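What follows is one structure encoded as structure tokens, with my remarks underneath.
The values are calculated or read from the model by the stated rules, or taken from the named source; none is laboratory data. None of the values given here were measured: they were computed from a predicted structure. Every residue, glycine as well, gets a Cβ built from its backbone with ideal geometry; the counts of neighbours run over all protein chains shown. Quick note on the areas: whole protein, heavy atoms, side chains included, nothing else; ligands and nucleic acids left out. Shrake-Rupley method; radii C 1.70, N 1.55, O 1.52, S 1.80 Å.
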Amino acid sequence: MRRLTRILLTLTAIVLFLGVLGLGGVLAAFWHFSRGLPEFQQLAEYEPPITTRVHAGDGRLIAEYARERRLFMPIEAIPQIVIDAFVSAEDKRFFSHAGVDFLGVARALVANLQSIGQNRRPEGASSITQQVAKNFLLSNELSYERKIKEAILAFRIERAFTKEKILELYLNEIYLGAGAYGVAAAALNYYGKSLDELEIDEAAYLAALPKAPNNYHPVRFPKAAKTRRDYVLERMAEDGVITMAQAVELQQRPIRIRDRRDSQVARSDWFAEEVRREIAARFGERALYDGGLSVRATMNPRLQEIGERTLRRGLLAYDRRHGWRKPLGQVETGPGWAERLQKFPPVPGLDPGWRIALVLTAEGAAATIGFADGAQGRIPLADMAWARTWKPDQELGPPLKSVGEALAPGDVVAVEATDRPGQFALRQIPDIGGGLVALDPHTGRILALVGGWDFQVSQFNRATQAQRQPGSAFKPFVYVAALENGFTPSSLVLDAPFVLDQGPDKAKWKPGNYSGEFYGPSTLRLGIEKSRNLMTVRLAQSIGMDKVADYARRFGIYDALPEQLSMSLGAGETTLLRLTTAYAELVNGGKRISPTLIDRVQDRKGRTIFRHDERPCPKCQARDGAAADSEPEVPDTRETVLDPATAYQMVSMLQGVVERGTGVRIRELRRPLAGKTGTSNEFFDTWFIGFSPDLVVGVFVGFDTPRTMGDKESGSAVAVPIFRDFMAEALAEKPVIPFRVPPGVRLVRIDPASGLPAEPGQRSAILEAFRPGSEPRGRGDVLDGSDDDGDAPAAGSGTGGIGLAPLRPLPSGSQSSPTTGTGGLY
């Protein structure tokens with residue numbers, strides 16, 4: 001008995017010793033692996049990289065910018081069914097363990113022992129907390145050392161944070177494939193839905209992804225994806241989240257993925273890129289790609305779509321007027337041509353309705369073409385009659401008599417289906433550039449912005465970046481300066497030859513009208529309507545180029561316009577956006593506006609960090625009933641850049657451009673519209689800037705490397721049709737609103753030819769805008785270049801007009817550009 005007792009005591013001592021030794025080993029291992037572990041307290045200030053999202057004015061998504069595509073969702077905003085699905089799939093005892101699921105560890109250990117020698121990846125048993133430790137604080141190294149560190153950190157995290165906080169970290173950080181980080185981004189990527197719109201089987205599929213998201217891709221591996229999804233549904237049923245009957249029913253559903261393009265997305269690369277640049281410049285690249293900013297842009301998706309479509313149509317129409325340049329490339333015909341065509345490199349810039357085709361035969365009245373799928377069709381001569389040979393200076397070769405004069409077997413071309421089965425029309429990507437901008441003249445909000453034919457071909461934005469000569473589109477600001485300095489719309493200016501001696505050894509400057517003719521004394525209104533260069537130069541010489549330069553700076557067209565007479569004809573360079581903004585300040589009554597692409601920017605916590613409209617409005621956020629019943633009064637803090645009466649006079653004169661002048665093609669819309677054409681020397685640049693009472697639109701067309709667009713390709717021929725087509729759609733079903741007449745303006749019936757009061761019953765009479773007391777009472781002086789009268793006309797003395805001081809040479813060393821020619825044209 002004593003011997004047995006001694007044996008038991010000895011065994012007990014050995015067990016105790018081994019236990020103490022084991023505990024010591026565990027503590028030593030714990031101490032060893034704890035050294036140098038990351039500080040888990042940083043999780044309390046967790047701010048993950050979040051996607052910056054840009055929304056249009058109507059709330060639709062325009063673009064997203066991120067290094068990791070993630071949308072942060074607080075745990076309170078994550079639906080319970082999503083939480084339950086992930087817990088069932090990843091860690092069923094999450095809410096009961098202290099960081100490590102020991103039962104799961106034992107199960108994984110047994111499974112791994114059984115798989116020794118089978119070349120299988122060891123199973124893990126990481127709890128959600130351990131995954132948080134790994135994802136945030138450790139690497140993806142597959143080793144027992146990392147697993148021990150992971151467990152230690154998990155225990156620490158569980159003591160420091162609530163289960164809900166741990167879930168929030170996990171569900172927002174985890175990668176779920178297809179570029180999506182976190183459950184909110186994954187819901188949008190796979191289903192085009194927000195989390196609260198997910199159905200049970202959709203939540204189960206997302207919960208199936210953490211193990212190996214690329215292996216369960218619903219398109220590449222649909223069978224594996226469904227098997228894994230069904231497993232998660234079964235686990236949810238076992239955990240009592242759903243019934244087994246629900247699980248069986250949901251397992252019958254296929255995985256239906258909804259492409260993000262099917263969601264409410266308003267895509268516009270031109271607009272989005274300008275917003276991206278502004279956000280990066282204002283807040284920095286890190287805030288743009290990691291900051292989770294919410295940007296409300298000013299874009300109107302409907303107007304943006306109209307702008308892109310009408311500009312493309314206008315560029316294509318111009319391009320077709322100037323012939324066929326060359327095919328996209330060549331592919332050998334003969335057996336196997338379809339396979340060879342399939343390998344032809346993608347062609348950027350193709351219109352969505354166009355296809356790539358290979359010319360198989362090209363004889364007589366039709367060409368036979370083939371497509372990459374082996375199908376064939378025909379291009380009749382009638383559908384490529386425009387394809388005459390292109391020649392330098394945008395000239396054309398003779399009319400086509402056979403398709404073989406333009407095409408040859410082996411040519412790869414773009415075609416578009418016609419309404420006749422099996423027949424196609426030849427198409428060509430334009431090499432002309434252009435831009436369009438539409439904005440609200442009262443706020444400066446840019447509603448549409450188009451920078452060229454196709455963003456994928458060239459990211460250069462011709463609406464904001466191209467510095468070009470506006471030609472006669474600048475003239476209204478010379479006339480504004482004249483109206484502010486004693487002239488009226490009825491003042492007479494001589495339209496006659498003008499010669500400026502620029503000094504010794506310099507050529508004389510001899511501007512001329514577009515028509516090459518002279519028209520004698522003409523009213524200011526007629527001068528702007530018909531875009532008379534000689535009248536504009538005389539006006540600028542009379543009032544002084546210093547005043548013209550001041551108004552150009554005041555309206556933001558130029559920062560420092562050289563005080564040379566040629567600049568009065570638009571020889572200086574500016575951008576489409578700057579010039580369009582200046583026109584907006586005419587129609588809004590002379591108020592300064594700042595064009596903007598962005599209404600508001602909020603940070604990841606919803607705090608507004610930028611707002612374009614900074615006007616104070618305390619009652620706008622009122623919650624009490626009394627304040628809410630009355631419309632809040634918002635002060636007008638805009639600076640006045642021009643007297644409202646002068647602004648209206650200019651608007652009225654520009655309306656005449658549409659009614660009787662160079663913009664007459666727009667008159668068919670039968671709406672109050674106004675604007676001005678512009679064409680630079682040798683037809684290098686063509687413009688039209690126009691407006692309705694509440695919408696301003698600018699159009700520019702020209703080659704990126706300036707060169708002639710061809711004879712007669714003026715602003716009225718190229719830019720006006722684009723403006724007309726845009727306005728026809730943009731204003732469709734909108735009420736017809738006349739231009740607003742400000743106080744201090746008197747409307748008088750005038751003979752538009754003479755500027756004198758109209759005869760009773762005169763049918764050609766128009767209403768002209770005058771300041772009270774400046775109405776014409778008889779024929780006045782004519783601004784003719786003489787020095788008889790250097791003063792502005794006295795109010796009411798006649799139609800108005802002053803004499804010119806003797807013409808002065810330009811300052812020494814300066815040059816008038818151009819030294820010859822017309823300067824601005826139409």
Practice item. Scan around residue 434 for amide H atoms under 5 Å from its own, H built in the peptide plane at 1.01 Å from N, and keep only partners 5 or more places away or cross-chain. Key: 453, 702
Review point. What are the ³J(HN,Hα) values, in whole Hz, obtained from phi via the Karplus relation 6.51 cos²θ - 1.76 cosθ + 1.60 with θ = phi - 60°, for each residue of region 64-75 in sequence order, with x given for Gly and Pro?
Key: 10, 10, 6, 7, 10, 6, 9, 10, 6, 10, x, 4
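Please report the projected area of region 57-102's Cα convex hull averaged over all directions, in nm². Each step should come with its number before you reach the end.
Values: hull surface 23.1 nm².
Over every viewing direction, the Cα hull of region 57-102 projects on average to 5.8 nm².
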Revision key, fill the gap. Taking the alpha-carbon centre of each part, the distance from region 579-623 to region 657-721 in Å is 29
Review point. Mind listing the phi-derived Karplus ³J(HN,Hα) values for region 248-256, rounded to whole Hz, using 6.51, -1.76 and 1.60 with θ = phi - 60°, and x for any glycine or proline?
Key: 4, 5, 5, 5, 7, 7, x, 7, 9
Check your understanding: Under a point spin-label approximation (7 Å from Cα along Cα-to-Cβ), what is the residue 508-residue 747 distance to one decimal in nm?
Key -> 4.6
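Given C-alpha coordinates of region 305-363, what is the ratio Rg to Rh with the Kirkwood estimate of Rh?
Numbers: Rg = 14.8 Å, Rh = 14.1 Å.
Computed over Cα atoms, the ratio is 1.06.
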Review point. In nm, to one decimal, how far is the residue 501 label point from the residue 771 one, both placed 7 Å along Cα→Cβ?
Key: 3.6
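By how many nm would the segment from residue 762 to residue 351 grow when fully extended, if each residue of separation counts as 0.36 nm and the alpha-carbon distance is taken off? Before the final figure, lay out each step's value.
Values: separation 411, 0.36 × 411 = 147.96 nm, distance 5.17 nm.
Stretched fully, the residue 762-residue 351 segment lengthens by 142.8 nm.
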Practice item. Kindly state, as a whole number, the per residue volume in cubic angstrom of the convex hull around the alpha carbon atoms of region 642-709. Key: 112
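Got a sec? What order do 480, 457 fall in by accessible area at 1.4 Å, biggest, i.e. largest, first?
Values: 480 0, 457 80 Å².
Heavy-atom accessible area, descending, gives 457, 480.
Between residue 420 and residue 95, what is 0.36 nm times their sequence separation minus the Cα-Cα distance? Round to one decimal in nm. List each step's numbers first, then the result.
Working: separation 325, 0.36 × 325 = 117.00 nm, distance 6.79 nm.
Working it through step by step, the gained length comes to 110.2 nm.
May I ask you to derive the FRET efficiency for residue 246 and residue 197 from their Cβ-Cβ distance with R0 = 25 Å, giving the value to the nearest 0.05? The partial results should precede the final answer.
Details: r = 19 Å, r/R0 = 0.74.
Result of the calculation: an efficiency of 0.85.
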Review point. Solvent-accessible area per residue for region 654-796 at a 1.4 Å probe radius, Å²?
Key: 44
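Could you calculate the contour length gain from residue 258 to residue 705, that is, 0.36 nm times the residue separation minus the distance between their Cα atoms, to one decimal place in nm? Provide the component values of the computation, followed by the final result.
Values: separation 447, 0.36 × 447 = 160.92 nm, distance 4.35 nm.
Going from the current span to full extension adds 156.6 nm.
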**Study point:** Over 19 Å [Cα-Cα, region 545-693], rounded percent
**Key:** 67
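Based only on Cα atoms, what mean projected area does the convex hull of region 455-596 have, in nm²? Intermediate values should be presented prior to the final figure.
Details: hull surface 42.6 nm².
Its Cα hull, projected and averaged over all orientations, spans 10.7 nm².
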Review point. For region 674-781, which semi-axes, largest first and in whole Å, follow from the square roots of 5 times the eigenvalues of its Cα gyration tensor?
Key: 34, 21, 13
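Using the Kirkwood radius built from alpha carbon pairs, what does the Stokes-Einstein equation give as D for region 397-495 at 4 °C and 1.567 mPa s, in µm² per second? Please list the in-between numbers first.
Values: Rh = 19.3 Å.
For these conditions, the coefficient is 67 µm²/s.
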Review point. How big is the gap, in Å, between the Cα center of region 348-422 and the Cα center of region 739-775?
Key: 56
